[in-house]
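Down below is the structure, laid out as structure tokens.
Throughout, read-outs are computed from the coordinates displayed, never taken from laboratory work. If you're wondering where the values come from, they're calculated on a predicted model, not measured in any experiment. Cβ: placed from backbone, ideal geometry, glycine included. Neighbour counts: every protein chain shown.
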Amino acid sequence: MTHLSDLAARQKRVVSISDRATVRDACKSMAEANVGACAILDGGRIVGLFTERDVLKRVLLKNLHTDDVLVKDVMTTEIVTAQDEMTAREALHLITTQEIRHLPVLDAEGRLIAVLSIRDLILDQVDEMKDYIALAG
């Protein structure tokens, strides 16, 4: 059984950006890191999450220009988080019931250690199923 701390350790780094950055700059950072979300931190604590959905729903569909909008004005501030001791299976249940695609993971002190995507969690479950099948075969 995989814990989120294990998945967090596999991540190269957490992509974060200032809430004063433009949406264009945030999108560029996300594209360069090949991620769908970046964290907004204040003193190591997550205060917002900026996602592809934020760009679509709060910028593009409102015909706003990415150079004119700041991340702080469109980021998600009601953030669902998980603790690092949670299992990947529990996190997958959380992410699906909350209808979110990105899950910030916090350590025991409340510091952000990873932002996992639904893809990360599904791939972990697929690997776990492969292991069970191999044992049964």
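Note on segment 4-136: dipole from Cβ charges, positive end direction compared against SER18, ILE46, ALA114; the farthest Cα belongs to SER18. Rounded to the nearest whole angstrom, the semi-axes of the ellipsoid equivalent to the chain, taken from the Cα gyration tensor as √(5λ), stand at 30, 16, 12, largest first.
If I take R0 = 35 Å and measure r between the Cβ atoms of ASP42 and SER5 in this structure, what FRET efficiency does the formula 1/(1 + (r/R0)^6) give, to the nearest 0.05?
Working: r = 23 Å, r/R0 = 0.66.
That gives a FRET efficiency of 0.90.
Working from label points 7 Å from Cα in the Cα-to-Cβ sense, the LYS12 to ARG89 distance is 3.2 nm.
Mind giving me the FRET efficiency for GLU52 and ALA136? R0 is 22 Å, r the Cβ-Cβ distance, nearest 0.05 is fine.
Values: r = 38 Å, r/R0 = 1.73.
Using R0 = 22 Å, I get an efficiency of 0.05.
About its Cα centre, what dipole magnitude does segment 4-136 give when the only charges are +1 on Lys and Arg Cβ and -1 on Asp and Glu Cβ, stated in debye to the nearest 20?
Dipole magnitude for segment 4-136 comes out near 440 debye.
Taking VAL47, VAL35, VAL126 as the candidate residues, the one with maximal mean-square fluctuation in a Gaussian network model of the chain, Cα springs under 10 Å, is VAL126. The amide H of LEU116, built 1.01 Å from its N in the peptide plane, has LEU103, VAL105 as neighbours under 5 Å, considering only residues 5 or more places off or on other chains. Summarising the label geometry, the points placed 7 Å from Cα in the beta-carbon direction at LEU70 and ARG24 lie 1.7 nm from one another. Site pair LEU61 and ASN34 shows an inter-label distance of 2.9 nm when each label is modelled 7 Å from Cα along Cα→Cβ.
Between VAL47 and ILE40, LEU41, ASP42, the built amide H atoms are under 5 Å apart, and every one of these is 5 or more places off in sequence or on another chain.
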